1. Quick one: which of 240, 253 is surrounded by fewer than 16 Cβ atoms within 10 Å (Cβ to Cβ) and either assigned by TED's automatic domain parsing to the domain that holds residue 298 or farther than 19 Å from residue 292 by Cα (or both)?
2. So, residue 13, is that one assigned to a strand (DSSP E or B), under 23 Å from residue 133 (Cβ atoms), in contact with a helix residue (DSSP H, G or I) (Cβ under 8 Å, 6 or more places away or on another chain) and not aliphatic (A, V, I, L, M) or not?
3. Within segment 266-280, can you find the residues that are surrounded by fewer than 18 Cβ atoms within 10 Å (Cβ to Cβ), of a type outside the set (Val, Ile, Thr) and under 22 Å from the mean Cα position of the chain (by Cα)?
4. What's the number of the condition residue 289 fails, among (1) surrounded by fewer than 18 Cβ atoms within 10 Å (Cβ to Cβ); (2) in contact (Cβ under 8 Å) with a residue 60 or more places away in the chain; (3) in a helix (DSSP H, G or I)?
5. What's the number of the condition residue 84 fails, among (1) over 25 Å from residue 108 (Cβ atoms); (2) surrounded by 15 or more Cβ atoms within 10 Å (Cβ to Cβ); (3) out of contact with any helix residue (DSSP H, G or I) (no Cβ under 6 Å at 6 or more places or on another chain)?
6. Within segment 96-122, track down each residue that is modelled with pLDDT of 95 or more, of a type in the set (Gly, Ala, Ser) and within 17 Å of residue 29 (Cβ to Cβ).
7. Any residue that is touching a His at 6+ places or on another chain (Cβ under 8 Å), farther than 30 Å from residue 117 by Cβ and β-branched (Val, Ile, Thr) - is there at least one of those in segment 223-236?
8. Looking at this structure, is residue 125 part of a strand (DSSP E or B) and either at pLDDT below 95 or under 22 Å from residue 6 (Cβ atoms) (or both)?
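The values are calculated or read from the model by the stated rules, or taken from the named source; none is laboratory data. Keep in mind it's a predicted model, so treat the numbers as computed, not measured. Cβ sites come from the backbone with ideal geometry, for glycine too, and all protein chains shown count toward neighbours.
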Amino acid sequence: MNGSISLLNGMQFTGTWETSARHASGEVVFFTGMTGYQEVLTDPSYAGQIIAFTYPLIGQYGLESDGNESARIQAAGVLVQTLADHGDRPALKEWFEKEGIPVLSQVDVRALVHVLREEGDQFGVMSSNPDVHIDIQPVNHLTARVTTTSQVLEGNGEKGHVVCLDFGVKASMVGEIVKRGYRVTTVPYDTTKDVITSLRPDAILVSNGPGDPRDHLGRIEVIRELALTYPTLGICMGHQLLALAFGCKIEKQTYGHRGSNHPVRNVKTNEVWMTSQNHGYVVERMSIEQSPLELLYENVNDHSVEGLVHPNGRLFTTQFHPEASPGPIDAQSVFDRFDEMIQQGVNVYA
């Protein structure tokens, strides 16, 4: 049966339904990686979005038992050119059906992505009705939807205790810190400073997550106070929140960075990494001058801000995902620098 994805600008792309769930609405974005669909689909940062996969064959290697970044598929809907048949591993299509995720195949994803690159990520509706009316509904409470509802302790490392503020954290992000010998307590994003302090952390991780960081201005002062008290690493949404906390501004990108092939340069060393990214907002580069922060990483392609450092504090951030998953592992040394900052008590990037 045929269906379609209708965009706010009036354009419509047809496809074939792969699932019995046949309606979804949300921001339509595209992911450029050739692999890693399982990690992408379960990444909480994609909550509420319709993902168009640019690689023409999705599902070709089935599912991995340890490939999820969260407990369920977070995307609102999926657009592909071809959905692969299953082999000797669990099939992607069966997973979509089980979780009630609408999927359209045989979509001209190349043409769709061209539109999104020209006009920007935009609201869309997946439907069987070719005359669907697009009524944009504010997407609220995305963070509340993906954050933990209680404290979760992982690892029993003896090197120290890291508290993760969960705005939609990926499992592999916590895993990288646990691997380096730390206990990690993941707490709801709106946990009070007093509760966090009572956990006696040695460091703070401010995680990734979905949506606009400016929706969390009420949390900014708490994040700032924590960052001035403990060694702190912010990743993706966490990077943006820490930037806001120290006086920077945030702007919406035209079509965001979502993929596993984004080159990033360390402006202090000129080292270039290929990185995994998933974000639609960035720190305004000029606004850094009005803050105590300094540029640490920049995007090689568009020179957007990819990381910040506080020269007089124990704080640095990355817009990209150093844990990768999916993507290249070039940037995993970021967690080594975080480890060194905790152990030495100084900012190794300053």
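1. 253
2. Judged against the criteria, residue 13 is a match.
3. 266, 274
4. All conditions pass for residue 289, except number (2).
5. (1)
6. Within segment 96-122, 111 is the sole residue that qualifies.
7. Looking for residues that are touching a His at 6+ places or on another chain (Cβ under 8 Å), farther than 30 Å from residue 117 by Cβ and β-branched (Val, Ile, Thr), one finds none in segment 223-236, hence no.
8. So residue 125 fits the description; yes.
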